[in-house]
Amino acid sequence: MVPNPPSAPSDAQLDQVKEAVRALLHQPDYDDGSAGPILVRLAWHSAGTYCATTNTGGSNGAGMRYEQEGGDPANAGLQHARAFLEPIKKRFPWITYADLWTLAATVAIKEMGGPEVTWSGGRTDFTDESKIPPRGRLPDAAQGADHLRFIFYRMGFNDQEIVALSGAHNLGRCHSENSGFEGKWVNQPTRFSNQYFKLLLVNDWKKKKLDNGLEQFVYVDEEVELEDNEEPEELMMLPTDISLLSDPKFKIWVERYAEDKDLFFDHFSRVFAKLLELGIRRDASGKVVNDENTEGGYRSAPKKSDVAQAPQDHGPGQIGHEARSLQKENENFQQRKMGAKL
Ligand code: HEM
């Protein structure tokens, strides 16, 4: 039994967790075959609630375990990511959810071919909802450049950092059941690269109105090599992605990242590390000194139950075990990809 460390896990402990994350990334029955993209999104949404003026929100606390944050429509779908990590929490109960969610994203980025992201541990888990920020702090993809600035300046990012962070849309896809948008940004959505910026610049993106009334931008790449009978898959961009092109200050960085992959990797690794530290205060030795940490230490929340709705693992307002419903959803997704209308 590993003793609960006073303020953060040791390197040796973390190595075991990282290895376990690597081992779970390959998920042949899920989406494009990898848990990586959604783990990156989990970490981003856990941190992206930060407000620099009021010093609230951020990656401490793992507030998405609670309905108030986890049930925010902006977080729809992230139960998949949290459920993927539950077996790791079971094996290593000493790690806080807040550390596990952020660390897992750095492992996923590296494994998908991206840069090394510096990560420091020590985040604690909230024991109630009192410090959970209000809903509505995450970006709305239907909007444009002003909205991006409003949201990301609040967190303390500048224009260059907004564009670099947006490069994460090289990974994964949109799901109509989560956000209402549909499709992937690049042809290889489990491979980290600067392809998103290249495609953003060179393709002729056409506006498309979806059945649910939302508008996104689409392009069909006829050049991609296909198996017999395979239809070329439409690629997509969100209105916020397209706003990086129409805003001249953003566009400069789209162009630079499209032509210089190393520059993008360097900037992305720095800005993602900064994102994961939002809301975390450390002393000179690196120890987290947020009130909840100095009062409660490195306090990992108990693992959630493997039995749906088990009352004993719920704090007030806490979301129950999430894995069960996913199996059917994933099966449906795979069938839809094969052309079934579900
Ligand atoms: C710039 C503002 C942003 C907006 C408006 C936005 C919006 C969205 C939307 C609507 C989705 C689709 C969710 C779904 O339907 O499942 C998505 C997916 C994703 N986002 Fe963002 N996002 C933004 C920034 C970021 C940032 C900063 C990161 C990370 C650094 C990120 C990483 C991802 C990833 C990896 C996915 C794919 C998830 C999956 O495959 O399930 N996004 N985003």
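The values are calculated or read from the model by the stated rules, or taken from the named source; none is laboratory data. Given the structure is predicted, the values throughout are model-derived calculations rather than measurements. For neighbour counting, all protein chains shown are included, and Cβ atoms are generated from backbone atoms with ideal geometry for every residue, glycine included.
For the reader, a short list of remarks on this structure follows.
- Some residue of the stretch 200-209 being crowded, with 19+ Cβ neighbours inside 10 Å, within 14 Å of the ligand (Cβ to nearest atom) and not assigned by TED's automatic domain parsing to the domain that holds Pro28: yes
- Scan of the stretch 239-297 for residues that are at positive phi and surrounded by 17 or more Cβ atoms within 10 Å (Cβ to Cβ), ordered by number: Gly279
- Taken over the stretch 11-51, the criterion of being touching a Gly at 6+ places or on another chain (Cβ under 6 Å) and either outside any helix (DSSP H, G or I) or of a type in the set (Lys, Arg) (or both) is satisfied by Thr49, Tyr50, Cys51.
- Any hit, the stretch 103-110, residues being over 24 Å from Val289 (Cα atoms), touching a helix residue (DSSP H, G or I) at 6+ places or on another chain (Cβ under 6 Å) and more than 10 Å from the ligand (Cβ to nearest atom): yes
- In summary, Asp31 fulfils each of the numbered conditions (1) over 21 Å from Phe268 (Cα atoms); (2) more than 8 Å from the ligand (Cβ to nearest atom) with the single exception of condition (2).
- Residues of the stretch 152-175 classified as within 7 Å of the ligand (Cβ to nearest atom) and over 22 Å from Phe265 (Cα atoms), total: 2
- Number of positions in the stretch 250-304 that are among the hydrophobic types (A, V, I, L, M, F, W, C) and within 24 Å of Gly61 (Cβ to Cβ): 11
- Extreme residue, nearest to Gln16 (Cα to Cα), among residues of the stretch 52-82 that are outside any helix (DSSP H, G or I) and within 11 Å of the ligand (Cβ to nearest atom): Gly77
- Neighbours by Cβ (under 6 Å, 6+ apart or cross-chain): first from the stretch 96-120, surrounded by fewer than 24 Cβ atoms within 10 Å (Cβ to Cβ); second of a type in the set (Ser, Thr, Tyr) and in a loop (DSSP other than H, G, I, E, B): Met112/Thr190
- Lone unmet requirement of (1) near the ligand (Cβ under 9 Å from one of its atoms); (2) in contact with a strand residue (DSSP E or B) (Cβ under 6 Å, 6 or more places away or on another chain) for Leu138: (2)
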